Every structure is written in structure tokens, then in C-alpha cells.
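Some notes on the structure that comes next.
The values are calculated or read from the model by the stated rules, or taken from the named source; none is laboratory data. Just so you know, these numbers come straight off a predicted model, no measurement behind them. We place every Cβ from the backbone using ideal geometry, glycine too, and count neighbours over all the protein chains shown.
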Amino acid sequence: MKIDPELCVSCDECLIYCPLGAIHSDDITEIDQEACVECGDCIRADVCPSDAFIYEAQPWPRSVREAFSNPLAEHKETRIPGRGTEEMKTNDVRGLYGRGIIGVGAEVGRPGVSCNFRDVETVTMALAKVGIKFAEGNPVTTNMVDKTTGKINPEILDERVMSAIVEGTIPIEKLADAIKAAKEAATQIDSVFSLEFIDRPEADRSVPMEKILKEQGVAYYPNGKFNLGLGRPLIQ
């Protein structure tokens, strides 16, 4: 995203709409191209009185910024918008995570913070070492050059995005190792990330992974997402 200096009147109306503070105003108003993640919030805010914002489709590898940061943009690999897949939200229908298998998500970056793919790679390579199987169809996975090691395409390592969601599965026996690896990775990145886990409750409503999470000092929040009317459940 850029601002046409011939049209901009430096009214500063747009400044508060950039989630990363990448728009700066002195004598003229400019967008810091290193900080900009091409999310499009500034132009969608529709507050510029002179229509000075310029949208241009970006060439590779900068195009990855918009794909991961603009909620309306599609990933060329998956042809769908968004930073992850639907599977982690529709497990009761898709039946991808059976008993003994933990769904793992790691969202790297946040609005106001962002991340680059070096941060993402630090997390993916740490999780790969403990045996995570990365989700097919996930935009981070499709940008890996080696799914066994979690290594990201080196062409995009310096590209900055709002956030990126890593998804995969791991046997419950390795969950503690995955948590330890994630904690170590957190000390090595210049961003933040959150962890998400999916487990199937037992008939008595107990959750097998709860004990492991507590032993690893991870607060257990039993947040549930229920998806109704999406089809015949594959797991009874």
C-alpha cells in the first residue's frame, strides 16, 4: 500500500486505522514499507478525503504479506482466504483428530505486533523436531520447503505479516515435548504466539490432555466450538 503525495493533504485521518502504526505523518504522510503488511485496513476505512491511497498487487515474495494479513485476500495455493484451515473448527464433522491424537495450533503474531517468517520458521522447526505432522492445505505448510523439518521457503523469511497460523497433529504421548519445544521457541523470536490444542473428551467428559497441560504449567481453558448442520458426523 502507498500514498500518492500529490493527492495527500496530510489530514492524518488515516493514522489510527493502521493496526501496526506503519503510517507516519510529518511534512507529508507516508507508509513505512518495511512495517506495512498489506492488510488493506487503511483503504477499507474509507476516511481519506482525497482518495490518496494506492493499492497495487504486489509481486512475489511481498505478495505473501497480503495473503496472510488481508482477511479478504485468497492464498494462491489454497484459493481460500484466512490464515488457517477449517479443519480445526469442524472436527466433529470431519473427524480428523481421533482419540490419542492432539490437534495443535500455533498463531504467531498479532495485530499491533506482527511477525516475519523467520519467527514462524523458529516455531515450525521446533515443533517438527518433536514429531508434529503439519496440516495439508494450511497456508504455512504450503510455504514450507521441507515438511519434515518445518523449514520455510527462504524467499519469504523476511516478509512481515499480521499473523500466521501453524496447524498440525501430534500423538498425545508427545504433547509434553511439544509444549516444552514451544516454550523454548518463544525465547528465540521477536514476536508472540499462542498455542491451541484439540482433544476428544471421554464418555465421562474428562479430557485426556488436561493432566498433561497442567503438569506443563499451561492454563487449561475448555473453550468449545460447536458446528451444527454441517453434515453427518464422522465420529460417534
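Return the pairs, sorted by first residue and then second, in which the second residue is surrounded by fewer than 18 Cβ atoms within 10 Å (Cβ to Cβ) and of a type outside the set (K, R), the first residue lies in the stretch 198-213 and is within 17 Å of K180 (Cβ to Cβ), the beta carbons are less than 8 Å apart, and the residues are 6+ apart or on different chains. Taking only residues 6 or more apart or on different chains, the pairs are M209/I172; I212/I172; I212/A176; L213/A219; L213/Y220.
The condition of being polar (S, T, N, Q), at pLDDT below 95, surrounded by 15 or more Cβ atoms within 10 Å (Cβ to Cβ) and within 23 Å of L96 (Cα to Cα) holds for only one of T124, T142, that being T142.
Which one is surrounded by the fewest Cβ atoms within 10 Å (Cβ to Cβ), of the residues in the stretch 78-110 that are modelled with pLDDT of 70 or more and closer than 22 Å to I152 by Cα? If we take residues in the stretch 78-110 being modelled with pLDDT of 70 or more and closer than 22 Å to I152 by Cα, then R110 is surrounded by the fewest Cβ atoms within 10 Å (Cβ to Cβ). The sole residue among I23, I3, I28 that is farther than 22 Å from G109 by Cβ, of a type in the set (V, I, T) and modelled with pLDDT of 95 or more is I3. From the list V161, V218, V207, the one residue that fits, being of a type in the set (V, I, T) and at pLDDT 95 or above, is V161.
Scanning the stretch 180-209 for residues that are part of a loop (DSSP other than H, G, I, E, B), closer than 25 Å to G109 by Cβ and β-branched (V, I, T) yields T187, I189, V192. Of all residue pairs spaced 6 or more apart or on separate chains, those with beta-carbon atoms under 8 Å, a first member in the stretch 163-184 that is without any contact (Cβ under 8 Å) to a residue 40 or more places away in the chain and a second member that is assigned to a helix (DSSP H, G or I) are I179/I212; I179/L213. Within the stretch 145-156, if we keep just the residues that are in contact with a strand residue (DSSP E or B) (Cβ under 7 Å, 6 or more places away or on another chain) and of a type in the set (A, V, I, L, M), the residue that is surrounded by the most Cβ atoms within 10 Å (Cβ to Cβ) turns out to be I152. Of all residues in the stretch 140-159, those that are at positive phi and assigned to a loop (DSSP other than H, G, I, E, B) have Cβ atoms under 9 Å from Cβ atoms of residues that are crowded, with 21+ Cβ neighbours inside 10 Å and among the acidic types (D, E), 6 or more apart or on another chain, in G150/E121.
Does the stretch 194-204 include one or more residues that are of a type in the set (A, V, I, L, M) and at pLDDT 95 or above? The answer is no, given that none of the residues of the stretch 194-204 is of a type in the set (A, V, I, L, M) and at pLDDT 95 or above. Taken as a whole, the structure places E167 among residues that are over 13 Å from F117 (Cα atoms), acidic (D, E) and crowded, with 20+ Cβ neighbours inside 10 Å. Tell me, please, whether a residue that is surrounded by fewer than 11 Cβ atoms within 10 Å (Cβ to Cβ), within 24 Å of the chain's Cα centre (by Cα) and either at pLDDT below 90 or among the β-branched types (V, I, T) (or both) can be found in the stretch 225-236. Yes, there is a match, as at least one residue in the stretch 225-236 is surrounded by fewer than 11 Cβ atoms within 10 Å (Cβ to Cβ), within 24 Å of the chain's Cα centre (by Cα) and either at pLDDT below 90 or among the β-branched types (V, I, T) (or both).
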